Amino acid sequence: MTDLGPVAWPPAPIRTERLLLREPEARDRAAVVELFTSPEVHSYLGGPQPRAEVERAMPGAPDRRPGRFVVDLDGTVIGQVTLTRNPEDRRPAAAGRADLGYLFLPRAWGRGYAAEACAAALDWFAAALPGEPVVLATQTANTRSMRLAAKLGFGEVERFWAWDAEQWLGLRPPVSPGPA
């Protein structure tokens with residue numbers, strides 16, 4: 001994965017009605033470890049990573065890199081939203097495009113936090129890199145993620161088989177930022 005290109009990073013924290021999207025900090029480590037090791041979170045992502053491996057790979061603060069936001073609710077991290085770019089993606093429709101990813105802890109599910117956080121990140125992206133489309137991939141069996149993709153404006157580009165399951169690739173056409 002490569003960075004997003006010519007964007008100022010980190011941006012000012014992004015505030016929504018209920019959430020704060022910001023760069024990861026050392027105090028977020030435990031929540032990020034939980035995100036990567038949770039069987040529920042990774043039920044459609046090939047399974048969780050072993051806790052000892054994640055602990056060893058993350059000795060201090062979570063990686064701070066362009067496009068990675070932790071999602072904070074009242075001072076507690078409940079998830080993360082990422083925008084990354086993979087110039088060598090095997091799917092031509094995704095190669096070189098920004099890819100939206102998100103992980104939320106089970107205790108945050110069903111409350112609209114993912115939609116709120118992803119919409120805010122996509123708005124930031126549209127303002128930072130106007131005219132660029134965004135892709136999103138998810139398992140077709142993940143009905144919650146499929147609904148979220150539709151709500152965020154992603155339309156199906158293709159379905160493909162990977163990680164022993166049918167996957168869905170969606171594209172969100174470029175969105176012009178609204179008036180400031």
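The values are calculated or read from the model by the stated rules, or taken from the named source; none is laboratory data. Quick caveat, the model's predicted, so the values are computed rather than measured. Backbone-built Cβ (ideal geometry, glycine too); neighbour counts: all protein chains shown. Please note that ligands, DNA and RNA were not included when accessible areas were found on the heavy atoms of the full protein model with its side chains. Shrake-Rupley method; radii C 1.70, N 1.55, O 1.52, S 1.80 Å.
At-a-glance table
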read-out: Cβ-Cβ FRET estimate between Ser43 and Asp63, R0 fixed at 25 Å, reported to 0.05; value: 0.60
read-out: Relative contact order for the range 55-180, counting Cα pairs under 8 Å that sit 6 or more residues apart, in percent; value: 19 percent
read-out: Directionally averaged projected area (convex hull, Cα atoms, the range 45-90), nm²; value: 4.9 nm²
read-out: Å² per residue, accessible surface of the chain at 1.4 Å; value: 52 Å²
read-out: In Å, descending, principal axis extents of the Cα set of the range 3-56; value: 34, 28, 24
read-out: Student exercise, the range 1-92 dipole from Lys, Arg, Asp, Glu Cβ charges, in Debye to nearest 20; value: 180 debye
read-out: Percent of beta bridges antiparallel (DSSP, the chain, rounded to nearest 5); value: 95 percent
read-out: Nitroxide proxy distance, nm - points 7 Å out along Cα→Cβ at Ala8 and Ala52; value: 4.6 nm
read-out: Protein accessible area in the range 1-93, 1.4 Å probe - carbon and sulfur %; value: 51 percent
read-out: Calculated P(r) of the range 1-95 - Cα pairs past 20 Å, %; value: 47 percent
read-out: For peptides 70-80, 40-50, sequence by mean Cβ density within 10 Å, most packed first; value: 70-80, 40-50
read-out: Cα centroid separation, the range 134-178 to the range 16-66 (Å); value: 22 Å
read-out: Normalised convex hull volume, the range 77-134, alpha-carbon set, Å³ per residue; value: 95 Å³
read-out: Inverse mean reciprocal Cα-Cα distance (Kirkwood Rh) of the range 115-180, Å; value: 12.5 Å
read-out: Kirkwood-type radius of the chain, with distances r between different C-alpha atoms, in Å; value: 16.8 Å
read-out: Low-density loop cleavage sites - trypsin sites (Lys or Arg not before Pro) in the range 27-120, where at most 14 other Cβ are within 10 Å (DSSP); value: Arg64, Arg90, Arg111
read-out: FRET efficiency for Ala141 and Arg107, using Cβ-Cβ distance with R0 set to 25 Å, rounded to 0.05; value: 0.70
read-out: Chain lengthening between Ala162 and Arg90 when straightened (0.36 nm per residue, less Cα-Cα); value: 24.8 nm
read-out: Mean Cβ neighbour count within 10 Å, used as a protection proxy, ranking 159-165, 121-127 highest first; value: 121-127, 159-165
